[in-house]
1. Only one of the values (i) 52; (ii) 38; (iii) 43 was calculated from this structure for percent of Cα pairs over 26 Å apart; name its label.
2. Taking springs between alpha-carbon atoms closer than 10 angstrom, which of 117, 146, 175 fluctuates most in the Gaussian network model of the chain?
3. Just check segment 104-209 against the gyration tensor rule for me: Cα atoms, a ≥ b ≥ c as the square roots of the eigenvalues, rounded for a/c under 1.5, and otherwise prolate or oblate depending on whether a/b exceeds b/c.
4. Only Cα pairs within less than 10 Å get springs; with that Gaussian network setup on the chain, which residue of 69, 233, 110 has the largest fluctuation?
5. Just how large is the dipole of segment 222-262 about the Cα centre, in debye to the nearest 20, putting +1 at every Lys and Arg Cβ and -1 at every Asp and Glu Cβ?
6. Among 45, 61, 13, flag the residue with its Cα farthest along the positive direction of the charge dipole of the chain, charges on Cβ as +1 for Lys/Arg and -1 for Asp/Glu.
7. What helices in the chain pass both tests, a Cα length along the helix axis of 27 Å or more and a mean Kyte hydropathy of -0.5 or higher, using whole DSSP H runs?
8. Given the -39500 (n - 2.57) contribution per DSSP H run of 4+ residues, what per-residue ellipticity at 222 nm results for the chain, rounded to the nearest 500 deg cm²/dmol?
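Each reported figure results from applying straightforward, stated rules to the coordinates on display, with no laboratory input. Keep in mind that what you see is a predicted model, and the values were worked out from it rather than measured. Cβ atoms come from the backbone with ideal geometry, glycine included; neighbour counts cover every protein chain shown.
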Amino acid sequence: MKYAIACDMEGIAGIVGYPKEGLGNSSKQFLAASKQAVREINSAVKALYDTGAEKVYVWDNHNGSLNMDYTELDTRVDIIAGVGAKHRWPGLYDKDIDAVLLLGYHPKADTFAGILTHTCSSVTYQYIKMNGVSVGEVEIDAASATRLLGAPLIFIAGDSKLVKQINDDMPWVSTVITKEALGRNLAVLKHPSRVVDEIFIGVKEAVANMDKALLYDIADPVTVEARFLRLEDAEAVYNSKSKDVELLDAFTVRYTVKSFLELY
């Protein structure tokens with residue numbers, strides 16, 4: 001079996017961030033997040049190899065990538081790093097991936113009191129809806145894995161608000177709560193070492209239940225409704241010559257594309 005692990009950072013154990021800022025490499029918590037991300041990845045990787053994995057790939061996809069010291073990762077993995085890809089899950093389309101896992105993920109932008117909530121950009125969107133349903137990066141990456149890899153999502157680790165969303169929408173996915181979200185920058189934090197242990201157990205359970213996994217998808221054609229934080233961003237999309245865009249209000253646009261893969 002071959003697996004791909006995507007690692008974001010906001011959902012990593014021990015992280016709440018600082019008000020009015022994201023978790024970029026200038027954040028006061030970035031180094032702590034980077035170190036803990038390595039520990040969580042290595043725990044998932046060990047669980048996968050202990051259950052018979054042939055190969056594990058790690059996609060470092062937070063912000064502009066290059067978020068951790070790769071020499072600290074399990075030496076059996078190959079790493080996808082950098083920016084500029086046409087689609088999600090770059091470099092894996094011909095690797096016969098059997099399932100994907102998401103670590104360090106966070107709730108979608110319109111989630112109240114989730115840790116560092118956003119969708120794609122914390123300075124761009126208030127929400128993104130596809131076919132009338134609000135989506136976050138989990139839904140985008142799960143649908144992308146279905147389209148590009150033919151692989152189901154089987155495991156997620158993140159805060160309590162994210163896990164509730166996933167338990168409701170993708171009940172076959174095994175989950176680990178890394179912290180109890182009380183606000184955008186407020187949480188009851190599990191000890192990071194305990195989270196590492198829970199990820200190891202949770203990933204083993206996910207592999208054991210792979211026969212129950214479903215392929216999550218967002219049906220074509222896709223009608224996108226995006227509400228921006230700044231009206232000039234909505235204006236730029238509305239004035240785009242490549243789309244037939246409807247302006248719903250000064251901050252919100254709606255348009256339709258033939259295929260989800262035109263978006264991600």
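1. Among (i) 52; (ii) 38; (iii) 43, the one calculated here is (ii).
2. 146
3. Numbers: a/c = 2.16, a/b = 1.08, b/c = 2.01.
Cα axes put segment 104-209 in the oblate bin.
4. Among 69, 233, 110, the largest mean-square fluctuation in the Gaussian network model of the chain belongs to 69.
5. Details: 6 positive and 8 negative charges, 26 e Å.
The calculation lands at about 120 debye.
6. 13
7. Values: long enough: 30-50 (30 Å, 0.15).
Long hydrophobic helices here: 30-50.
8. Values: 5 runs with 69 residues, N = 264.
After summing the helix terms and dividing by the residues of the chain, the value is -8500 deg cm²/dmol.
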